[in-house]
Amino acid sequence: MTAHSSETQQKLFCLQEGKSPFSGLPLDRINQRFEIHHVKERVNGGENSLINLQLLPIYEHLAIHFIKFRDKKLSEEERLREFDTVMGRLNQLTEEEKNIFYQLVEEKVGIRVRFY
């Protein structure tokens, strides 16, 4: 995860019209913690330009990486990197955020997961 300025977050919030591009739900500046997601990962040549960035709640950001981990089209190295991203950061979520993460994965992938 790359640190981005609050100015970048503000610009993305406006560009996204206050909604998550992943879930379509409104972003809540007071009750959600946000992260910047690279649509095309930097390791694969993605840039830090606004067109390649998305402002997401932390649990949606990790859900995207978990869903990518399950993509059979990715190489084993890419899949492991996605899994490591999720597992290395899951402990940063509050219990409420974990529950939302689990719900998103179940909704988007059709499987129920729980990590302890």
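The values are calculated or read from the model by the stated rules, or taken from the named source; none is laboratory data. Owing to the predicted nature of the structure, the values given are computational and were not obtained by experimental measurement. Neighbour counts are summed over all protein chains in view; Cβ atoms, including those assigned to glycine, are modelled from backbone coordinates with ideal geometry.
For the range 1-33, a residue qualifies if it is touching a helix residue (DSSP H, G or I) at 6+ places or on another chain (Cβ under 6 Å) and of a type in the set (A, V, I, L, M, F, W, C), and exactly one does: Phe22. When Arg79 is tested against (1) loosely packed, with under 14 Cβ neighbours inside 10 Å; (2) assigned to a helix (DSSP H, G or I); (3) of a type in the set (D, E, K, R), exactly one condition is not met: (1). Taking into account only those residues within the range 82-116 that are over 13 Å from the mean Cα position of the chain (by Cα) and not in a helix (DSSP H, G or I), which is farthest from Phe69 (Cα to Cα)? Here the residue is Thr94.
Among the residues making up the range 61-115, a single one is free of Cβ contacts under 8 Å to residues at least 24 places away in the same chain, in contact with a Ser or Thr (Cβ under 9 Å, 6 or more places away or on another chain) and among the hydrophobic types (A, V, I, L, M, F, W, C): Phe69. Residues in the range 62-74: is at least one over 22 Å from Gln103 (Cα atoms), touching a Lys or Arg at 6+ places or on another chain (Cβ under 9 Å), modelled with pLDDT under 95 and not basic (Lys, Arg)? Yes, some residue in the range 62-74 is over 22 Å from Gln103 (Cα atoms), touching a Lys or Arg at 6+ places or on another chain (Cβ under 9 Å), modelled with pLDDT under 95 and not basic (Lys, Arg).
Looking at the structure I just gave you, is Asn91 modelled with pLDDT of 95 or more, surrounded by fewer than 16 Cβ atoms within 10 Å (Cβ to Cβ) and not β-branched (Val, Ile, Thr)? Spell out the reasoning first.
Working: modelled with pLDDT of 95 or more: no; surrounded by fewer than 16 Cβ atoms within 10 Å (Cβ to Cβ): yes; not β-branched (Val, Ile, Thr): yes.
Criteria not met by Asn91.
Is it the case that the range 29-40 has a residue that's free of Cβ contacts under 8 Å to residues at least 24 places away in the same chain, more than 21 Å from Glu96 (Cα to Cα), assigned to a loop (DSSP other than H, G, I, E, B) and within 14 Å of the chain's Cα centre (by Cα)? Yes, the range 29-40 has at least one match.
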